[in-house]
1. With label points built 7 Å along Cα→Cβ from the Cα atoms of Leu19 and Ser306, find their separation and express it in nm.
2. Please list log₁₀ I(q)/I(0) at q = 0.09, 0.14, 0.18, 0.21 Å⁻¹ for the range 167-308, using the Debye equation with identical point scatterers on the alpha-carbon positions.
3. How do His43, His63 rank when sorted from fewest to most other Cβ atoms within 10 Å of their own Cβ?
4. Among Leu295, Gly169, Val34, which residue has its Cα furthest toward the positive end of the charge dipole of the chain, with +1 on Lys/Arg Cβ and -1 on Asp/Glu Cβ?
5. About the Cα centre, and with charges only on the beta carbon of Lys, Arg (+1) and Asp, Glu (-1), how big is the dipole of the chain? Nearest 20 debye, please.
6. Cα-Cα pairs above 40 Å in the chain: how many percent?
7. Average projected area of the Cα convex hull of the range 238-282, in nm²?
8. Of Ala80, Gly94, His63, whose Cα points farthest to the positive end of the dipole of the range 53-101 (charges on the beta-carbon: +1 Lys, Arg; -1 Asp, Glu; origin at the Cα centre)?
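Nothing in this text is a laboratory measurement; each read-out follows from the coordinates by a stated rule. The structure displayed is predicted, hence computed values, not measured ones. In this analysis, Cβ positions are derived from the backbone assuming ideal geometry, glycine residues included, and neighbour counts consider all displayed protein chains.
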Amino acid sequence: MPSTVTGVIARSKGAPVELVTIVVPDPGPGEAVVDIETCGVCHTDYHYREGGISDDFPFLLGHEAAGRVSAIGEGVTNVAVGDFVVLNWRAVCGECRACVRAEPWYCFNTFNATQKMTLEDGTELSPALGIGAFADKTLVHAKQCTKVNPEADPAAVGLLGCGIMAGLGAAMNTGNVGRGDSVAVIGCGGVGTAAVVGAALAGATTIIAIDRDPKKLVAAEKLGATHVIDSSGLDEAGVVAAVQALTNTFGADVVIDAVGRPETWRQAFYARDLAGTVVLVGVPTPDMVLEIPLLDVFGRGGSLKSSWYGDCLPERDFPMLTDLFLQGRLPLAEFVSERIGIDAIEQAFASMASGDVLRSVVVL
Ligand SMILES: NC(=O)c1ccc[n+]([C@@H]2O[C@H](COP(=O)([O-])OP(=O)(O)OC[C@H]3O[C@@H](n4cnc5c(N)ncnc54)[C@H](O)[C@@H]3O)[C@@H](O)[C@H]2O)c1
Ligand SMILES: [Zn+2]
Ligand SMILES: [Zn+2]
């Protein structure tokens, strides 16, 4: 029997989100239904609401979730009913050209549920990032479920499902930060602060946190930044000069743009040392255009990368990071700024915009 549960949708571009009844089908072959326990509010949910990701409204929002598997479809072997899982949006196919060349973190054909969740009138929903977890239950592909140690607080480890993993991985995987490196992170929301934490875990010795909101720099400093730059009064050149002043005039080995705007990317580009690495993990919107002298791209060398989901492999990274959290070596709980009800998502977007939170986490 399909379940009818409460979920949060974005019905049309820019409109406030709505709490509605949704219909969750029984899992078909390869699918699983998960009873959601917690789901973080990510900037990407807000991008969906604003029409910045696609026009496939209505969206069922929410994608940073942990919960228990409540039903599995035919042929599912990787999870069983009752398993505690973190949901992911990278269920790798194993067969696409990225997978066959042994780079599955780029998988171009990740799995999602085949069936659709709907409104009561049958309108099909587009689940955010193929998850849709601002709901009591959601339907996913079984491989979107990664088992982790059930002793962990779901509010904390659920955040590995998106933004925090993206930030950690931007430093540890995409940026390949190593012992003794200097790293600068532009934008210290949940993603950027996680990049600070990832840089610290990877052994960076200089970690510069940059934000135009000084409130964000307090948390970044607590979680591993060795220096902070309040960029609110600085132009692009001013930010670059401030990073150079902290890195022997050379610039940082790795600069991570966790905002995703042309001006922050240019800051990242010029604030890195020659032959250094730029990592873009913030997500730009379709209207944004970057202009930069091509000669500078050549002359400064190095590596200009994007970080999709922190180049993570959920099966490899979620259990390992959960274990580090339980051992007290990864401060995931520090990212849970507040626990809220499912009816408070618009307020959570406002708190995000005002800079008051790293993550608001919906408890279901
Ligand atoms: N690449 C991925 O896989 C991935 C995954 C999750 C989220 N994201 C993206 O990462 C970005 C950050 O997400 P978040 O949840 O941390 O958002 P957030 O809103 O919590 O944080 C953004 C931070 O950037 C700061 N900021 C904004 N403009 C700035 C500027 N010009 N200079 C310096 N700081 C500035 C804000 O003050 C804020 O602290 C978003 O674009 C989000 O969509 C990417
Ligand atoms: Zn693949
Ligand atoms: Zn996200």
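1. About 3.7 nm separates the two model spin labels.
2. Once normalised to I(0) and log-transformed, intensities are -0.21, -0.53, -0.91, -1.28.
3. The order, fewest Cβ neighbours first, is His43, His63.
4. Leu295
5. 720
6. I get 12 percent for the Cα pairs in the chain exceeding 40 Å.
7. 2.6
8. Gly94
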